[in-house]
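K.L.:
My questions all concern the structure below.
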Amino acid sequence: MDEHERFMREALKEARKAFDKEECPIGCVIVYEGKIIARAHNLRITKNSAICHAEIMAIEKACKKLDSWRLPDCDLYVTLEPCTMCSGAIIQARIRKVYFAAYEPKGGAVVSCNNIFDRKYGHNHEVQFEGGLLEEESSSMLKEFFREVRKSKKLKASQEGLCE
């Protein structure tokens, strides 16, 4: 197993923590000099906050760890293609490279719906990226999560007499 796969597996462990909390299973780790310095998972429901995405929370932790808002020698591994908000934060933090697992056709801002990292938008920092790293593992967890969410909603509706 190469180091990129190893780090993505750590991000998948974070995603599993979110899954176990009934949060959308997205996990993230930030690596500096070959070591994980920050890890996080989605906590939007738990914290009742729209900005508690895995990437945002990991960036905050990494900034505190390195005592800087700039993270130019850091790489970010995340289990789902970042959204617009997270992509903007990645640019602002000056992250060197992003590795993501699954593509997000409904809201991915790296390649699927937008190309936020494209320099034509006038950013003063270029973020390199690579998608599809352990894509199947991440996609499977996301599909399992949403199957359970739909099943739970159906059960609740049934118990309330809404499915008759």
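The values are calculated or read from the model by the stated rules, or taken from the named source; none is laboratory data. Small disclaimer: the values here were computed from a predicted structure and weren't measured. When we count neighbours, we look across all protein chains shown, and the Cβ atoms used for this are built from the backbone with ideal geometry, even at glycine. For the accessible areas, the whole protein counts, side chains as well, though only heavy atoms, and no ligand, DNA or RNA atoms are used. Shrake-Rupley method; radii C 1.70, N 1.55, O 1.52, S 1.80 Å.
K.L.:
Going by amide H atoms built from the backbone, whose H comes under 5 Å of the H on GLY131, apart from near neighbours?
P.N.:
PHE100
K.L.:
Taking 26 Å as the cut-off for C-alpha to C-alpha distance, list the pairs among LYS65/LYS97; LYS64/LYS143; LYS61/LYS106; LYS13/LYS61 that go past it.
P.N.:
Over 26 Å Cα-Cα: LYS64/LYS143; LYS61/LYS106.
K.L.:
For the chain, which whole percent of the accessible surface, found with a 1.4 angstrom probe, sits on carbon and sulfur atoms?
P.N.:
Carbon with sulfur: 48 percent of the solvent-accessible area.
K.L.:
Order 107-117, 55-65 from most to least packed using the mean count of other Cβ atoms within 10 Å.
P.N.:
55-65, 107-117
K.L.:
Averaged per residue, what accessible surface does the chain expose to a 1.4 Å probe, in Å²?
P.N.:
Roughly 57 Å² per residue, with all protein chains present.
K.L.:
Find how much the distance from LYS13 to LYS106 grows on full extension, using 0.36 nm per residue of separation minus their present alpha carbon separation; answer in nm with one decimal.
P.N.:
So the extension gain works out to 31.1 nm.
K.L.:
When you have a sec, figure out the Kirkwood radius of the chain from all distinct Cα pair distances and drop it here in Å to one decimal?
P.N.:
That comes to 16.2 Å for the chain.
K.L.:
Taking R0 as 22 Å, what's the FRET efficiency between GLU136 and GLU3 from their Cβ-Cβ distance, rounded to 0.05?
P.N.:
Efficiency computed from Cβ-Cβ geometry: 0.70.
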